[in-house]
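One structure is given below, encoded as structure tokens.
Quick note: the coordinates plus some simple rules give every number you see, no bench work behind them. Keep in mind that what you see is a predicted model, and the values were worked out from it rather than measured. Ideal geometry is used to build each Cβ from the backbone, glycine not excepted, and the neighbour counts take in all protein chains shown.
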Amino acid sequence: MTDIGPSVSIFGSARTQSDHPYYRLATEVAEKIAGKGFAIITGGGPGVMEAANLGAQKAKGRSCGININLPFEDSSNPYIDRKYLLNFHYFFVRKVMFIRYAQAYVFLPGGFGTLDELFEALNLIQTKRIRPFPIFLMGTSYWEGLIGWLKNTVLLKEKNLKEEDFALFKVTDNIDEVVNTIEAHFQTFGPSPTFDLSATPNKL
């Protein structure tokens with residue numbers, strides 16, 4: 001992974017079929033991101049992950065799969081560069097790899113795994129354990145209920161979030177907005193490490 005270069009991690013359901021609009025959306029956004037010179041990193045499985053790796057290969061970009069053995073995912077998808085196919089046993093190590101090499105995260109609709117990656121990234125940025133980077137939620141209608149609950153219950157009713165926390169991510173289906181924002185962020189901040197070691201206490 002050390003030579004993969006600037007990368008974007010794309011997340012989404014393994015259950016999304018190839019004829020689904022979200023599959024096409026993942027392919028298109030990955031292709032455009034890869035066309036700007038970014039490698040595409042996914043969880044290596046089928047569905048949205050496969051679509052994103054396909055998009056990377058269509059743009060002749062670097063296509064990485066950080067695979068993990070699961071009961072309902074028999075093998076990695078066929079659109080990963082063999083050089084960048086990694087297999088993991090533990091989720092926590094795999095998560096570090098997603099964060100370590102990413103200049104941005106793009107989330108398409110998914111289940112517990114997708115939500116886990118989303119909230120972990122938001123928590124790490126909110127608590128200043130990693131440097132902020134662009135996070136996009138695509139498939140806007142899918143996220144409406146979650147965002148509504150976060151604003152109405154978590155923020156307004158229970159006061160467990162702050163208004164500025166909602167600036168940590170952007171909900172959009174505009175592919176060009178996603179690609180241009182990622183490119184602008186990279187041009188501004190460069191390939192600086194995501195982890196801000198200065199913010200980490202010198203204790204275990």
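Using a 10 Å Cβ count of at most 13 others and DSSP loop calls, identify the longest part of the chain lacking such trypsin sites (Lys or Arg not before Pro). Don't skip to the end; give the middle numbers.
Numbers: sites that count: K60, K128, K159, K162, K203.
Within the chain, the longest run free of exposed trypsin sites (Lys or Arg not before Pro) spans 61-127.
For the chain, a Gaussian network of Cα nodes joined below 10 Å ranks L54, L108, L86 by mean-square fluctuation, and the top entry is L86. Specify whether the C-alpha gyration tensor of region 108-173 places it in the rounded, prolate or oblate class, a ≥ b ≥ c being the square roots of the eigenvalues: rounded for a/c under 1.5, otherwise prolate if a/b is larger than b/c and oblate if not. Oblate, because a/c is 1.5 or more while a/b does not exceed b/c.
In the frame of its principal axes, region 7-190 has Cα extents of 48, 39, 32 Å, reported largest first.
Basic side chains Lys and Arg get +1 at the Cβ, acidic Asp and Glu get -1 at the Cβ, and with that the dipole of region 7-190 about its Cα centre reaches some 560 debye.
What is the antiparallel percent of DSSP beta bridges lying wholly in the chain, to the nearest 5? Let's see the in-between values first.
Numbers: 2 of 22 bridges.
Bridges in the chain that DSSP calls antiparallel: roughly 10 percent.
Which of rounded, prolate, oblate describes region 36-113, given a ≥ b ≥ c as roots of the alpha-carbon gyration tensor eigenvalues and a/c under 1.5 marking rounded, otherwise prolate only if a/b is larger than b/c? Verdict is rounded for region 36-113. Applying the criteria of a DSSP loop state and at most 16 other Cβ atoms within 10 Å to the GluC sites (Glu not before Pro) of region 70-159 yields E158.
Setting aside same-chain residues fewer than 8 positions from K58, which aspartates and glutamates have a Cα under 15 Å from its Cα? In chain and number order, the partners are E28, E31, E50, D81.
Could you list, in their original order, any pairs among K60/K83; K83/K170; K95/K159 whose Cα atoms are separated by more than 23 Å? Walk me through the intermediate numbers first.
Working: K60/K83 14 Å; K83/K170 32 Å; K95/K159 29 Å.
Violating the 23 Å Cα-Cα cut-off are K83/K170; K95/K159.
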